[in-house]
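The structure appears below as structure tokens.
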Amino acid sequence: IVGEPVRTTASGRTDAGVTNTLEFFELRDNVLTNRFGNDMPRMETGRFGHAAVLMEQDFASVENPPPVHLAIAGGFTAQHPDGDAGMALLLGANPTGSVEFYDTWNLRFPSGYTRNLNQPRAHFDMVETSITRDLLVFGGLVEGGSGLRVDASVERLLRSTEGGFPLSVDQFQDTLALGRAYAGTTRVGTHNVMVIGGWGGGSSSAPCGGETPLAGCTSEIANPGERFFLGYLY
């Protein structure tokens, strides 16, 4: 397929620390190439443990299709004080609420598109709803007390009434039934989103089926249009 972008990678951990660079790979004449080489686009905020979703097009006519954006949200902006010892390899410090949008057609970060979540977080999941094409953010790790805690809050990046940018941040009053980090999400039907598994902050060796529900043993279904959560399901 000539000229079709096949993969975009943004930010992460490197030998030099946390990076803010983005790499864009393109398939031309059956050859995969790095579009920018060492001259990579840069986000405003370096991060790792973030979420990234390639969004559907804005609501517009087929004759004049708008750009397709890659949404890059949250993440840690610094390494954990314990370095790479044990679980610290997956953890970090100073989570951000920054959400940046990369224009995959014009190959740039447009000015004025950055938004901020109400709750800075990392190691969460983000999904685009099928009808309204909003972005939903579920749980993750946030700053709390003397360290990190697992969060149950849900936020939505809401498209404008015209179906495009800029997106506004909408805080749900309802939360997940359980706090979840490292969870997965998938769209179910036209209105629902299922949040699957994850880590609730407790012992990883606890068995499923006990009196207290465990995040890793359960799933939840959310209806973002009605802001209604059905609770956890085994």
Exercise. Across the range 1-33, which residue is least open to solvent (accessible area, probe 1.4 Å) among those that are more than 30 Å from N116 (Cβ to Cβ) and at pLDDT below 80?
Worked result: G3
For this session: State yes or no: is T45 in a strand (DSSP E or B) and either at negative phi or modelled with pLDDT of 85 or more (or both)?
Result: no
Exercise. What residue, among those in the range 76-135 that are open to solvent by 60 Å² or more (accessible area, probe 1.4 Å) and at pLDDT 90 or above, is nearest to the chain's Cα centre (by Cα)?
Worked result: N116
Problem set entry | Whichever residue in the range 176-200 is more than 20 Å from A52 (Cβ to Cβ) and among the β-branched types (V, I, T) and, among such residues, is surrounded by the most Cβ atoms within 10 Å (Cβ to Cβ) | V188
Problem set entry | Single condition S205 does not satisfy, out of (1) under 18 Å from A71 (Cα atoms); (2) not in a strand (DSSP E or B) | (1)
For this session: Evaluate the following for S130: is it within 22 Å of L117 (Cα to Cα), part of a loop (DSSP other than H, G, I, E, B) and out of contact with any helix residue (DSSP H, G or I) (no Cβ under 8 Å at 6 or more places or on another chain)?
Result: yes
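The values are calculated or read from the model by the stated rules, or taken from the named source; none is laboratory data. Quick caveat: nothing in here was measured; it's all calculated off a predicted structure. Cβ atoms come from the backbone with ideal geometry, glycine included; neighbour counts cover every protein chain shown. Just the protein is used for accessible areas: all its heavy atoms, side chains included, with ligands, DNA and RNA removed. Shrake-Rupley method; radii C 1.70, N 1.55, O 1.52, S 1.80 Å.
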